[in-house]
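The values are calculated or read from the model by the stated rules, or taken from the named source; none is laboratory data. Since the structure is predicted, the reported quantities are computational estimates derived from the model, not experimental observations. Virtual Cβ from ideal backbone geometry, glycine too; neighbours counted across all protein chains shown.
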Amino acid sequence: MGSLLPIVERPMAAANAAAASFAALEAKLDYLDAADIDLVRRAYRFADTAHLGQMRHSGEPYITHPIAVAAQVAEWKLDAHALMAALLHDAMEDCGVTKADLVEQFGAPVAELVDGLTKLDKLQFSTREEGQAESFRKMLLAMARDVRVILVKLADRLHNMRTMGDMPRPKWGRISTETLDIYAPIAHRLGLNETYRELQDLAFRHLQPWRYSVLAKAVHKARQRRRDLIQKVQHDVTAALADAGLNAHIVGREKTLYSIYRKMDEKHLSFAQVNDLYGVRVILPNIISCYTALGMLHQLYKPVPGRFKDYIAIPKVNGYQSLHTTLVGPASVNIEFQIR
Ligand code: MN
């Protein structure tokens with residue numbers, strides 16, 4: 001192999017990487033019709049050309065980022081216009097593409113979405129004060145008007161947080177703080193629970209890497225130790241609900257490191273004192289069986305007083321509905337149940 005070979009090969013490799021990840025995006029578009037997929041492909045080609053020669057901090061071609069953002073948007077099953085905006089979201093900012101260009105190429109609705117995203121990008125949040133964070137979130141939501149703009153923005157933030165390790169370290173703090181104060185709460189408001197949890201954990205990890213890793217190790221150890229216990233609880237709950245003739249789907253859920261950390265911090269607890277690391281989610285076919293299941297569970301294990309909440313009768317502001325209760329399981333370990 002000659003020493004020139006890698007240099008010659010690099011642009012090819014870059015093109016292949018981008019094309020490969022677009023193929024991965026395309027595989028997620030089966031909920032769209034052929035005409036829509038074609039529009040998305042056109043937006044991809046346009047963005048690919050616009051970002052040509054740009055690289056991310058990781059050294060990957062820049063286009064891999066808009067593709068990843070669009071892939072997240074496809075997970076949420078948004079429409080073709082939102083996917084196109086995801087692919088084009090950094091094109092105005094970074095590539096000298098104008099709004100008029102986008103109107104001409106893709107029509108006004110897509111251009112509006114991209115323009116909205118570009119404007120949001122110019123806002124930077126810089127204070128940790130809670131009242132400020134609230135008004136900033138409101139401003140952001142008002143500016144966006146179209147909820148698709150917020151969703152693409154959340155997908156953008158999620159990918160940036162996932163790849164934060166490639167960014168210069170001095171930038172971690174500001175971006176993570178902003179994620180924690182602004183974007184995670186917005187994801188929560190929109191009912192995107194997985195995104196909310198992931199954004200919080202990624203922000204925590206980059207804000208306090210040392211605490212994060214110590215806590216991650218402690219939680220991992222505790223969970224290993226308690227594996228049999230969790231299996232026993234799942235088994236007992238499954239049996240009790242089946243006895244009552246309920247067709248329940250039962251899944252164990254893990255609390256995020258960030259929520260454990262918050263609890264320790266706010267209530268001044270040591271890790272050993274945080275004893276509800278475990279959660280179980282019980283999913284039932286209708287509302288009445290949720291209440292029946294609640295009754296069965298309160299017979300099986302003792303409920304912790306003051307921890308029952310009926311979000312079915314009184315939904316959360318984001319529309320979330322579920323019964324919450326904390327029970328004292330075997331070995332006096334607290335287990336949080338969500339019944340829905
Ligand atoms: Mn971006």
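Observations, loosely collected:
- When the stretch 287-340 is filtered for residues that are touching a Ser or Thr at 6+ places or on another chain (Cβ under 6 Å) and not polar (S, T, N, Q), the ones remaining, listed by number, are 303, 304, 307, 308, 311, 336, 337, 340.
- Given (1) within 30 Å of residue 212 (Cα to Cα); (2) crowded, with 16+ Cβ neighbours inside 10 Å; (3) out of contact with any Leu (no Cβ under 6 Å at 6 or more places or on another chain), number of the condition residue 237 does not satisfy: (1)
- Criterion (buried (at least 22 other Cβ atoms within 10 Å of the Cβ), touching a residue at least 60 places away in the same chain (Cβ under 8 Å) and over 26 Å from residue 35 (Cβ atoms)) met by exactly one of 158, 151: 158
- Output for the stretch 68-78, where each listed residue is within 13 Å of the ligand (Cβ to nearest atom) and of a type outside the set (A, V, I, L, M): 72
- Among residues of the stretch 322-333 that are modelled with pLDDT under 90, those with a Cβ under 9 angstrom from a residue that is part of a strand (DSSP E or B), sequence gap 6+ or separate chain, pair up as 329/278; 329/335; 333/278.
- Spans of helices (runs of 4 or more DSSP H) in the stretch 100-174 with at least 2 residues modelled with pLDDT of 95 or more and away from the ligand (no atom under 16 Å from the Cβ): 108-122
- Residue check for residue 185: farther than 27 Å from residue 63 by Cβ and either within 16 Å of the ligand (Cβ to nearest atom) or touching a residue at least 40 places away in the same chain (Cβ under 8 Å) (or both): yes
- Candidate set: the stretch 287-336, residues that are crowded, with 16+ Cβ neighbours inside 10 Å and of a type in the set (Gly, Ala, Ser); chosen: the one farthest from residue 277 (Cα to Cα): 289
- Matching entry among 65, 81 (being in contact with a Lys or Arg (Cβ under 8 Å, 6 or more places away or on another chain), touching a residue at least 24 places away in the same chain (Cβ under 8 Å) and within 11 Å of the ligand (Cβ to nearest atom)): 65
- If the condition is being within 23 Å of the chain's Cα centre (by Cα), modelled with pLDDT of 90 or more, under 23 Å from residue 290 (Cβ atoms) and among the β-branched types (Val, Ile, Thr), then the stretch 193-252 contributes only 250.
- Odd one out for residue 285, checked against (1) more than 30 Å from residue 154 (Cα to Cα); (2) assigned to a helix (DSSP H, G or I): (2)
- The set of residues in the stretch 32-62 that are within 16 Å of the ligand (Cβ to nearest atom), under 25 Å from the mean Cα position of the chain (by Cα), in a helix (DSSP H, G or I) and aliphatic (A, V, I, L, M) comprises 43, 47.
- Of the listed requirements (1) modelled with pLDDT of 95 or more; (2) touching a His at 6+ places or on another chain (Cβ under 7 Å), residue 95 misses just one: (1).
- If you go through the stretch 263-281 and keep only what is over 15 Å from residue 327 (Cβ atoms), of a type outside the set (Phe, Trp, Tyr) and surrounded by 14 or more Cβ atoms within 10 Å (Cβ to Cβ), you end up with 263, 264, 274.
- The lone exception for residue 194 - which of (1) within 21 Å of residue 70 (Cα to Cα); (2) within 16 Å of the ligand (Cβ to nearest atom); (3) free of Cβ contacts under 8 Å to residues at least 40 places away in the same chain; (4) loosely packed, with under 14 Cβ neighbours inside 10 Å it fails: (2)
- The set of residues in the stretch 133-148 that are over 21 Å from residue 88 (Cα atoms) and either touching a residue at least 40 places away in the same chain (Cβ under 8 Å) or aliphatic (A, V, I, L, M) (or both) comprises 133, 136, 137, 139, 142.
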